[in-house]
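Novice: My questions will all concern the structure given below.
The values are calculated or read from the model by the stated rules, or taken from the named source; none is laboratory data. Note that the coordinates shown come from a computational prediction; the quantities given were computed from them, not determined experimentally. Quick reminder, even Gly has a Cβ in these numbers, built from the backbone with ideal geometry, and neighbours come from all protein chains shown. All accessible areas refer to the heavy atoms of the entire protein, side chains included, with ligands and DNA or RNA removed. Shrake-Rupley method; radii C 1.70, N 1.55, O 1.52, S 1.80 Å.
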Amino acid sequence: MNFNPFGRLLLSAFLTGFVVLSVLAVVLYVKIVPDLPSIEVLREVQLQVPLRVYTRDRKLLAEFGEKRRNPVKIETVPPGLIEAFLAAEDNRFFEHPGVDFLGLLRAAFELARTGEKRQGGSTITMQVARNFFLTREKTYLRKLTEILLAFKIEQELTKNEILELYLNKIYLGHRAYGIEAAARVYYGIGIDELSVARMAMIAALPKAPSRVNPVNNPEAAVARRNYILGRMRSLDYVDDAVYRDALIEEDGAELHTVQVEARAPYIAEMVRDEMVRRYGPEAYTTGMEVVTTLQPERQQDANRALRKALLDYSRRHGYRGVLANISLAEHPVETWLELLAEYRSVGGLVPGLVVAVEEQSAQVLVRNKGQVTIEWDGLSWANPYKSVNRQGKKPKQATDVVTAGDVIRVEEREDGSWWLAQEPAVQGALVSLRPEDGAMLALTGGFDFSRSKFNRAIQAKRQPGSSFKPIIYSSALEAGYTAASMINDAPVVFDDDALEATWRPENYSGKIFGPTRLREALFRSRNLVSIRILRSIGAVYAANYAQRFGFSPDELPRDLTLALGSASATPLQMARAYAVFANGGYLIDPYFIQRIHDAGGNVIFHAQPPVVCPDCPETLESIDAGQQQSLPLAPQVITAQNAWLMNSMLQDVIKRGTGKRARSLGRTDLAGKTGTTNDQKDAWFCGYNPALVTTTWVGFDKLEPLGRLETGGYAALPMWMEYMGSALAGTRNRKYPQPEGLVTVRIDPATGLLATGGQPDAIFETFRAEHVPGPAGMASSGGTPPGGGVDTPEHLF
């Protein structure tokens, strides 16, 4: 066959092209296809999902992780959102085999026209291939690999599986990965609540998520959104009416942080730290969920109680002054709110700008509230602060406190009124446990976590002061003392080698009271009696005994200062110690993680805390979250008789002692002890009923005095009362079951001995059966306690 020159040229070109394509196909098959990754990886893919922390009833506490992602199942995605993405990225997705050849031809034409390798023609399947397996470099080899991978993916996965991977994987700006995260980041709602316009906006984000999004560049983002709405209309995904309404809809996007349902940042940080300790960096990316022991209602009570106590303390000591003063005349009225931008809220106290001052009120501009009025009740407390023990003159009019242009902090009260406020310089902590197993029901470690992440509930080792005395008194009961033992409340002077100085302790009041029964000495918190008891039983003996309550040996001094609480303890340790009294004598292990779930919802850890069960065998069968498990029993560390007697004496602290302000709660089952250290540097209250044990602490982070009168009963007890009043509201009074081996008799309150028949001032007291005292003139049947002391009532020491 003869060909003209032009025919021969065409034939030659065809054969050359065929050979080149054949060689290329062989190269692709030999070099690329064998190295393609297994698509099975996509079936088992583990998307990076942050760590989430919940309360016991699954209210979100916190989320930790670099990427915000909430994976969704394709069947839960609104059809309109899918259509928006198809219009934006790949409207032939359900028709092509993974590669849209028309799209590739358009990209090739653009390359020929401009001479630049611009990205184009990528289908959703190709994007899945790139996002999961490849880099974003723009080379021919990577593009060929992407095409081959897309074919392979389409052969092994359904269209819906591919679409689900895509919608959960894509980056959509501001740490949002996937459509659900994007909806929550930009609009604070889930995908099921999105309007058509907002669906189109989210579908607009993959093109340039960091640069063109509705927060960073709203004009460009809306233009892109409107383009996609136009595509949706041209593809008949929406009708004219929906399209027109969507075009004019205000976008309203703004950044939304994770919407927590309960506020417990200190315990959330404890969970984060523990999870990283257990699982390393993978804790942040593998989608684990932690269910804590926290009760959201109790946590809310704790937050409110601590906040109120610290603000009350701050007001008692005077106003430290405004944050700043701005010349209002130099700024247009419409810009006044902008002047507050650099001031953030602290502990619920919001910044405000004083715009006008009247005789006994002030007008204040508050962000998101507009102009509010602070009446005289909210201003009159603001005596000028001089020191913790001294204030300036009481203000008589509003201008004595604030002037126009002042930047201040304000507090909105529960009744809707507004008060002048200030960030407390003092700090505090509250820990609340379930005494039967140690579950943490509430914990707060400071006034504002964002201001100070130091968790005083578990990290601040402070002297517990007189709140440690019950440990000493319990050891005295164990050594043979009784609640009626008489101890002389009189001055003592010690030349103690361990103290390296002469020590002259005294009672808080500076007074002495002579012979005092042990019960009265505890509920009145008599220091001299406590020291005499400790000297009698021995400091080493008492320190060893205190270890039964969970204290470490290195936290316990072996000298007489132990009687006044010179040990080192955190609020959590004190709560654990008092739980021994509350539960009848058993040492529990505080815990805050109930369960850990993996990304698939499987339980990979379930707490098995030792539980209090006096009548149980060695283990207790429990059914929790549908799972039966054996729980170990908490060890008994003091006798039931000792615990009951201590409960009886600690109830008297509230009935008629240093904690009597708590009588206003109207309960008969409360017990506890105040604690105050030297110079009022720490204020404590540790208390409980049989169902709940709670410790509160108030103090400065730097060891500074709180001020005169700022005792445990004045600074820390109100926090405890505020919390326990709410936590126990609506619950019945609980009784402390009296164990066998105790006997109640009438005694003479002046001697602690048995009362004579018909004695008019006789009182009832309870004793261990072997320690019931005799009548006057007879020795007690009690023994001699360790350390050489004598516990007979007729002897004073």
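Novice: Regarding segment 426-445, can at least one residue be identified that is free of Cβ contacts under 8 Å to residues at least 24 places away in the same chain and either touching a Phe, Trp or Tyr at 6+ places or on another chain (Cβ under 7 Å) or not acidic (Asp, Glu) (or both)?
Specialist: The answer is no; no qualifying residue exists.
Novice: Now a separate question. So which residues in segment 576-616 are farther than 21 Å from Thr292 by Cβ, surrounded by fewer than 20 Cβ atoms within 10 Å (Cβ to Cβ) and not hydrophobic (A, V, I, L, M, F, W, C)?
Specialist: Correct list: Pro614, Asp615.
Novice: Separate question: Can you tell me which residue in segment 324-340 is farthest from Asp406 (Cα to Cα), limited to those that are open to solvent by 80 Å² or more (accessible area, probe 1.4 Å) and not in a strand (DSSP E or B)?
Specialist: Glu334
Novice: Scanning for something touching a helix residue (DSSP H, G or I) at 6+ places or on another chain (Cβ under 8 Å) and acidic (Asp, Glu), does segment 269-280 turn up at least one residue?
Specialist: No: zero hits.
Novice: Please go through segment 735-759 and pick out each residue that is assigned to a loop (DSSP other than H, G, I, E, B) and hydrophobic (A, V, I, L, M, F, W, C).
Specialist: Of everything in segment 735-759, those that are assigned to a loop (DSSP other than H, G, I, E, B) and hydrophobic (A, V, I, L, M, F, W, C) turn out to be Ala750, Leu753, Ala755.
Novice: Also: Does Ser450 satisfy being among the polar types (S, T, N, Q), in contact with a helix residue (DSSP H, G or I) (Cβ under 9 Å, 6 or more places away or on another chain) and not in a loop (DSSP other than H, G, I, E, B)?
Specialist: Considered against the rule, which asks whether it is among the polar types (S, T, N, Q), in contact with a helix residue (DSSP H, G or I) (Cβ under 9 Å, 6 or more places away or on another chain) and not in a loop (DSSP other than H, G, I, E, B), Ser450 comes out as no.
Novice: Further question on the same structure: Identify, please: which residue in segment 385-438 is more than 27 Å from Ser452 (Cα to Cα) and among the acidic types (Asp, Glu) and is, among those, nearest to the chain's Cα centre (by Cα)?
Specialist: Checking each candidate, the answer is Asp437.
Novice: Separate question: Kindly establish whether Asp554 is open to solvent by 60 Å² or more (accessible area, probe 1.4 Å) and without any contact (Cβ under 8 Å) to a residue 60 or more places away in the chain.
Specialist: yes
Novice: Could you please give the count of residues in segment 393-426 that are out of contact with any Gly (no Cβ under 7 Å at 6 or more places or on another chain), assigned to a loop (DSSP other than H, G, I, E, B) and of a type in the set (Gly, Ala, Ser)?
Specialist: Total meeting the criteria: 4.
Novice: Now for a separate question. Going through segment 528-546 one residue at a time, which ones are open to solvent by 10 Å² or more (accessible area, probe 1.4 Å) and in contact with a Leu (Cβ under 7 Å, 6 or more places away or on another chain)?
Specialist: Across segment 528-546, the qualifying residues are Arg535, Ala539.
Novice: Kindly provide the set of residues from segment 368-390 that are more than 30 Å from Gln680 (Cβ to Cβ) and open to solvent by less than 40 Å² (accessible area, probe 1.4 Å), ordered by number.
Specialist: Hits for segment 368-390 are Gly370, Val372, Ile374.
Novice: Spot the failing condition for Phe151; the list is (1) touching a Ser or Thr at 6+ places or on another chain (Cβ under 9 Å); (2) hydrophobic (A, V, I, L, M, F, W, C); (3) closer than 22 Å to Pro71 by Cβ, and only one is missed.
Specialist: The failed condition is (3).
Novice: Somewhere in segment 173-193, is a residue in contact (Cβ under 8 Å) with a residue 40 or more places away in the chain, within 22 Å of Glu95 (Cβ to Cβ), buried (at least 20 other Cβ atoms within 10 Å of the Cβ) and in contact with a strand residue (DSSP E or B) (Cβ under 8 Å, 6 or more places away or on another chain)?
Specialist: No, segment 173-193 contains no residue that is in contact (Cβ under 8 Å) with a residue 40 or more places away in the chain, within 22 Å of Glu95 (Cβ to Cβ), buried (at least 20 other Cβ atoms within 10 Å of the Cβ) and in contact with a strand residue (DSSP E or B) (Cβ under 8 Å, 6 or more places away or on another chain).
Novice: Report the residue count in segment 80-96 for those that are open to solvent by 20 Å² or more (accessible area, probe 1.4 Å) and more than 19 Å from Leu172 (Cα to Cα).
Specialist: 4
Novice: Looking at segment 72-87, is at least one residue modelled with pLDDT of 85 or more and in a strand (DSSP E or B)?
Specialist: No.
Novice: Continuing with the same structure: Applying the selection to segment 196-222, what residues are assigned to a helix (DSSP H, G or I) and open to solvent by 60 Å² or more (accessible area, probe 1.4 Å)?
Specialist: Lys207, Glu219
Novice: From Arg535, Arg524, which residue is out of contact with any helix residue (DSSP H, G or I) (no Cβ under 8 Å at 6 or more places or on another chain) and either in contact (Cβ under 8 Å) with a residue 24 or more places away in the chain or within 15 Å of Gln463 (Cβ to Cβ) (or both)?
Specialist: Testing whether each residue is out of contact with any helix residue (DSSP H, G or I) (no Cβ under 8 Å at 6 or more places or on another chain) and either in contact (Cβ under 8 Å) with a residue 24 or more places away in the chain or within 15 Å of Gln463 (Cβ to Cβ) (or both) leaves just Arg524.
Novice: Shifting gears a bit: Run Ser452 past the list (1) under 23 Å from Asn678 (Cβ atoms); (2) surrounded by fewer than 17 Cβ atoms within 10 Å (Cβ to Cβ); (3) hydroxyl-bearing (Ser, Thr, Tyr) and report the number of the one that doesn't hold.
Specialist: (1)
Novice: Assuming Gly416 fulfils every condition listed in (1) open to solvent by 10 Å² or more (accessible area, probe 1.4 Å); (2) in contact with a strand residue (DSSP E or B) (Cβ under 8 Å, 6 or more places away or on another chain); (3) over 26 Å from Tyr508 (Cβ atoms) apart from one, which condition is it?
Specialist: Here Gly416 clears every test but (2).
Novice: Still on this structure, I have one more. Just checking, which of Leu365, Leu310, Leu294, Leu353 is buried (at least 17 other Cβ atoms within 10 Å of the Cβ) and in a helix (DSSP H, G or I)?
Specialist: Leu310
Novice: Another one. Out of (1) free of Cβ contacts under 8 Å to residues at least 24 places away in the same chain; (2) closer than 24 Å to Leu306 by Cβ; (3) touching a Leu at 6+ places or on another chain (Cβ under 9 Å), the odd one out for Asp400 is which?
Specialist: Asp400 satisfies every listed condition except (2).
Novice: Taking Met778, is it open to solvent by 30 Å² or more (accessible area, probe 1.4 Å) and either within 28 Å of the chain's Cα centre (by Cα) or modelled with pLDDT under 95 (or both)?
Specialist: yes
Novice: Can you name the number of the only condition in (1) surrounded by 21 or more Cβ atoms within 10 Å (Cβ to Cβ); (2) farther than 21 Å from Asn70 by Cβ; (3) not aromatic (Phe, Trp, Tyr) that Val276 fails?
Specialist: Going through the list (1) surrounded by 21 or more Cβ atoms within 10 Å (Cβ to Cβ); (2) farther than 21 Å from Asn70 by Cβ; (3) not aromatic (Phe, Trp, Tyr), Val276 breaks only (1).
Novice: Now for a different question. For segment 246-300, give me the residue count where each residue is touching a residue at least 40 places away in the same chain (Cβ under 8 Å), among the acidic types (Asp, Glu) and under 30 Å from Val212 (Cα atoms).
Specialist: Result for segment 246-300: 3.
Novice: Residues being touching a residue at least 60 places away in the same chain (Cβ under 8 Å) and under 17 Å from Asp652 (Cβ atoms): count how many of those fall in segment 747-779.
Specialist: Matching residues across segment 747-779 total 6.
Novice: OK, next. Only residues that are of a type in the set (Val, Ile, Thr) and farther than 18 Å from Tyr187 by Cα: list them for segment 245-269, please.
Specialist: Answer for segment 245-269, where residues must be of a type in the set (Val, Ile, Thr) and farther than 18 Å from Tyr187 by Cα: just Ile267.
Novice: Would you pick out the residues in segment 142-154 that are open to solvent by 20 Å² or more (accessible area, probe 1.4 Å) and touching a residue at least 24 places away in the same chain (Cβ under 8 Å)?
Specialist: Passing the criteria: Leu144, Thr145, Ile147, Leu148, Phe151, Lys152, Glu154.
Novice: Okay, moving on. If you go through segment 557-575 one residue at a time, how many are over 23 Å from the mean Cα position of the chain (by Cα) and open to solvent by 10 Å² or more (accessible area, probe 1.4 Å)?
Specialist: Final tally of qualifying residues: 8.
Novice: Quick one: would you say Arg656 is open to solvent by 20 Å² or more (accessible area, probe 1.4 Å), without any contact (Cβ under 8 Å) to a residue 24 or more places away in the chain, over 30 Å from Gln391 (Cα atoms) and over 23 Å from the mean Cα position of the chain (by Cα)?
Specialist: Taking the combined requirement at face value, the residue does not satisfy it.
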